[in-house]
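Taking it in order: structure first as structure tokens, then the write-up.
What follows is calculated from the coordinates using simple rules that are stated; it is not laboratory data. Just so we're clear, the structure is a prediction, and the values are computed from it rather than from any experiment. Backbone-built Cβ (ideal geometry, glycine too); neighbour counts: all protein chains shown.
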Amino acid sequence: MRIIGGTHRGTALAAVGQGDAAAHLRPTTDRVRESLFNVLQGGRFGDPIGGAQVLDLFAGTGALGLEALSRGAAHVTFVDNGRVAQKLIRENITKLRRQDDTTVLRTDTGKLPQGTPCTLVFLDPPYDQNLGGKALAVAKAAGWLAPEALIVWEESRAQIAPHGFTTLDQRRYGDTWVTFLRHSS
């Protein structure tokens, strides 16, 4: 895995190795990440990355949030409670020297503390466990979602927008579906 574009383009990220099967650590492939960032920067959603406050839920390796930083996001908060994921996120932040514009929270997405509103949210829950909608509801209740925030939800199938959200687009990349939502506040 590597950073696809921006200031850190080409930088290899920490190797996942054996990963963490119990935590369902499943990094977004370079191909899917490149495709979804092409959509984000294609103009359809304006410029959702430049200067963004980003929330990366179920962050795994942190690749999505770090890709956003590389492309101009202002700050990323990574949320993952997995031991292996925490280690990988911290290694990758150190590798890119982005400690000053990142926060790492080791908590379950169902127990988020009160937060700062974010304009871009990456949501990549373990597939087929119905955790994404619950995580969005908790993030909304805890103040993590700015009005009109853009949510990028990666799952094994297209997702239906929960109450308070509007579906903007859905794309399939192999066995991965990416659903783009707008927080309707």
Practice task
Order the peptides 139-148, 72-81, 108-117 from the highest to the lowest mean number of other Cβ atoms within 10 Å of their residues.
Solution key: 72-81, 139-148, 108-117
Exercise for the section: Percent of Cα-Cα pairs per 10 Å bin, from 0 to the last occupied bin, for the chain, please list those. Expected result: 10, 42, 40, 8, 0
Fill in the blank from the handout: Along segment 155-170, Karplus-curve 3J(HN,Hα) (6.51, -1.76, 1.60; θ = phi - 60°) to the nearest Hz, with x for Gly and Pro, reads 8, 7, 8, 4, 9, 8, 4, x, 4, x, 9, 10, 6, 9, 6, 9
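If the only charges are +1 at each Lys and Arg Cβ and -1 at each Asp and Glu Cβ, what is the size of the charge dipole of segment 21-183 around the Cα centre, to the nearest 20 debye? Intermediate results must be reported in sequence, preceding the final value.
Details: 19 positive and 17 negative charges, 42 e Å.
Dipole about the Cα centre, nearest 20: 200 debye.
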Fill in the blank from the handout: Under 5 Å from the placed amide H of residue 2, counting only residues 5+ away or on other chains, we find 13
Handout entry: Spatially proximal lysines relative to residue 95 (Cα-Cα < 23 Å; intrachain offsets below 8 disregarded)
Key = 87
Fill in the blank from the handout: Other residues with Cβ under 13 Å from the Cβ of residue 109 give, with Lys and Arg +1 and Asp and Glu -1, a net charge of 0
Problem - Principal axis dimensions, largest first and in whole angstrom, of segment 90-140 by Cα - result: 34, 24, 19
